[in-house]
Amino acid sequence: MATIAVLGTFDTKGEEHGYVAELIRQRGHRTLLIDVGTLETPRLQPDVPRSEIAAAAAADLGAIVAKRDRGEAVAAMTKGAPLVVARLQREGRIDAVISLGGGGGTAICSSAMRALPVGFPKLMVSTLASGNTAPYVGVKDIVMMPSVVDVAGLNRLSRKLLAQAAGAICGMVEARVPSGAVDKPVIVASQFGNTTACVTHARTVLEEAGYEVMVFAATGTGGRTMESLIEAGLVAGVCDVTTTEWADELVGGVLNAGPTRCEAAARGGVPTVVSPGCLDMVNFGERASVPEQFQDRRFYQHNAQVTLMRTNPEECAALGRILAAKCNLATGPVSVLIPLRGISVISAPGQPFYWPEADAALFGEWKRHLRSGIPVIEYDGNINDPAFAELCAQELLKNLALKR
């Protein structure tokens, strides 16, 4: 029997949360009812009252109610709910969480879900689930289920969908990994289509050495997710072959991972190898979406929805300084590996993004600003050569041994 948190605004959506809670109990699980409503009397008696959520946020609930300021109410609950829900999870008092919400409820309750670890069951039934869910999901494994109709009373459609949601969260908490699975130390790796061959070969070498390798697409979200797993202490080593998200962060592309990319492993002392994979490209959408100021640049149409722009020598020099600064934060073993004849498939000699002056600016500034003691290994070939992939894997294994 598990305890499933039913989290929501019980002043406006108490009936619906109560319906879901009863269905969960009928399946043999306990519920813990958490109220994050503020403006009206709750229609469902909570186990964790709104006053506890407000106190966690150091908010004056009485003043919020008196002013009837919905924006201030949502802000206070969005601050307090993650603190309370995360504490309940750490204390072992809850095993899963489900919520139902419109705009305000989704903002509050998804913020609480983002405070929970990956693998902890989380289900958000929302009026916003069919749109851009990135602000609500972040880098966590939140299941967003469209409510189809507004969460505003029970009717023939909402009863069916909410019953399915209750069944889904029960199924998630009941799910078990098949017996016989062996947990191995985890290595994370960054990959793009233009570095797939490198990462695939390196992964094989690392797996043969006894590691489990998780590969993340360097699409912004992938990089942020990888960083969050490293920060959570779940990772033994990092094969950061594809640091391309920094090109988008610097220049203004659409696949940036934020200014702290490449910091989690460095600050956490996690053994790492770093390579300039795909720093030759900035990502935009369809060709018409490229900002006007870049119209005279060098482009490659990856497909109808993706336009790649070649980074120029000035941008590459800046990228070299940024990567050096990130590597300089390292408190554990780190190595820099540089392929001299192309940092992607399309920047190899004879390919559309071949620009040796730009690559030289990148490599030169990276080495110039790197602190002493960090090894730099140059390889006279392309990033996707099997020999370079082998070099990445073996250097990471060496750094893992140094850490041990």
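Coupling constants for region 234-246 follow from the phi torsions by the Karplus curve (6.51 cos²θ - 1.76 cosθ + 1.60, θ = phi - 60°), and in residue order they are 9, 10, 8, x, 10, 9, 8, 5, 10, 9, 4, 4, 5 Hz; glycine and proline get x. Taking each DSSP H run with n ≥ 4 as -39500 (n - 2.57) and averaging over every residue of the chain yields -13000 deg cm²/dmol at 222 nm. For the chain, the share of DSSP beta bridges that are antiparallel, to the nearest 5, is 20%.
Comparing ARG224, ARG287, ARG50 in a Gaussian network model of the chain (Cα springs below 10 Å), the most mobile by mean-square fluctuation is ARG287.
In this structure, the amide hydrogen of PHE216, modeled 1.01 Å from its nitrogen in the peptide plane, lies closer than 5 angstrom to those of ALA189, SER190, GLN191, counting only residues at least 5 positions away or on a different chain.
Between the alpha-carbon centres of region 211-230 and region 117-145 there is a gap of 18 Å. Based on the reciprocal of the average 1/r between different C-alpha atoms, the Kirkwood radius for the chain equals 23.3 Å. Ordering ALA389, PHE353, GLY342 by Cα displacement along the dipole of the chain toward the positive end leaves ALA389 in first place; charges were set at the Cβ atoms of Lys, Arg (+1) and Asp, Glu (-1).
Using the Karplus relation 6.51 cos²θ - 1.76 cosθ + 1.60 with θ = phi - 60°, the per-residue 3J(HN,Hα) values for region 48-65 come to 10, x, 4, 4, 5, 5, 5, 4, 4, 8, 6, 9, 8, 4, x, 5, 5, 5 Hz, with x marking Gly and Pro. Once the Cα atoms are used to define both axes, helix 156-174 deviates from the longest principal axis of the chain by about 60 degrees. 3J(HN,Hα) along region 2-10, derived from phi through the Karplus expression 6.51 cos²θ - 1.76 cosθ + 1.60 where θ = phi - 60°, amounts to 10, 10, 10, 6, 10, 10, x, 8, 6 Hz, with x in place of Gly and Pro. Can you pick out the pairs among LYS79/LYS184; LYS184/LYS326; LYS367/LYS403; LYS326/LYS403; LYS13/LYS67 whose Cα atoms lie more than 25 Å from each other? LYS79/LYS184; LYS184/LYS326, as the Cα separations exceed 25 Å there. What the Cβ-Cβ distance of GLN164 and GLU15 gives, at R0 = 25 Å and to the nearest 0.05, is a FRET efficiency of 0.90. Residues considered: GLY237, GLY28, GLY138. Largest GNM mean-square fluctuation over the chain, using C-alpha springs under 10 Å, is found at GLY28. Extension gain, ILE374 to GLN26, is 119.4 nm, computed as 0.36 nm per intervening residue step minus the present C-alpha separation.
Quick check on region 40-159: take the gyration tensor over C-alpha atoms, sort the square-rooted eigenvalues as a ≥ b ≥ c, and tell me if it's rounded (a/c under 1.5), prolate or oblate. It comes out oblate by the Cα gyration axes. If you find the alpha carbon centre of region 386-404 and of region 1-78, how far apart are they in angstrom? Using only Cα atoms to place each centre, the spacing works out to 50 Å.
Would you please give the FRET efficiency between GLU292 and THR260, computed as 1/(1 + (r/R0)^6) with r the Cβ-Cβ distance and R0 = 30 Å, to the nearest 0.05?
0.50
Counting neighbouring Cβ atoms within 10 Å and putting the fewest first, the residues ASP380, ASP183, ASP248, ASP69 line up as ASP183, ASP380, ASP69, ASP248. Dipole magnitude for the chain: about 920 debye, using +1 per Lys or Arg Cβ and -1 per Asp or Glu Cβ, origin at the Cα centre.
Based on Cα contacts under 8 Å between residues 6+ apart, the chain shows a relative contact order of 11 percent. Normalised by the number of residues in region 107-190, the mean separation of alpha-carbon contacts (under 8 Å, six or more apart) gives a relative contact order of 27 percent.
Among VAL254, TRP366, ALA75, whose Cα projects farthest towards the positive end of the dipole of the chain, with charges put on the beta-carbon of Lys, Arg (+1) and Asp, Glu (-1)? Farthest along the dipole direction, towards plus: ALA75. Each peptide in 119-128, 369-378 was scored by the mean count of other Cβ atoms within 10 Å over its residues; highest first, the order is 119-128, 369-378. Only Lys, Arg, Asp and Glu carry charge here, each on its Cβ (+1 for the first two, -1 for the last two); on that basis region 186-403 has a dipole of about 320 debye about its Cα centre. A full extension of the chain between GLU72 and ASP141 corresponds to an added length of 22.1 nm, given 0.36 nm per residue minus the alpha carbon distance.
With neighbour counts taken as other beta-carbon atoms within 10 Å, the residues LEU323, LEU61 rank, fewest first, as LEU61, LEU323. Compute the relative contact order of region 140-243 as a whole-number percentage, counting only Cα pairs closer than 8 Å that sit 6 or more residues apart in sequence. RCO, region 140-243: 30 percent.
The residues ARG27, ARG176, ARG68, when put in order of fewest to most other Cβ atoms within 10 Å, stand as ARG176, ARG68, ARG27.
Since every read-out is calculated from the coordinates, none of them should be taken as a lab result. Every value quoted in this text rests on a predicted model; they were computed, and no experiment measured them. Note: ideal-geometry Cβ built from the backbone for every residue, glycine included; neighbour counts use all protein chains shown.
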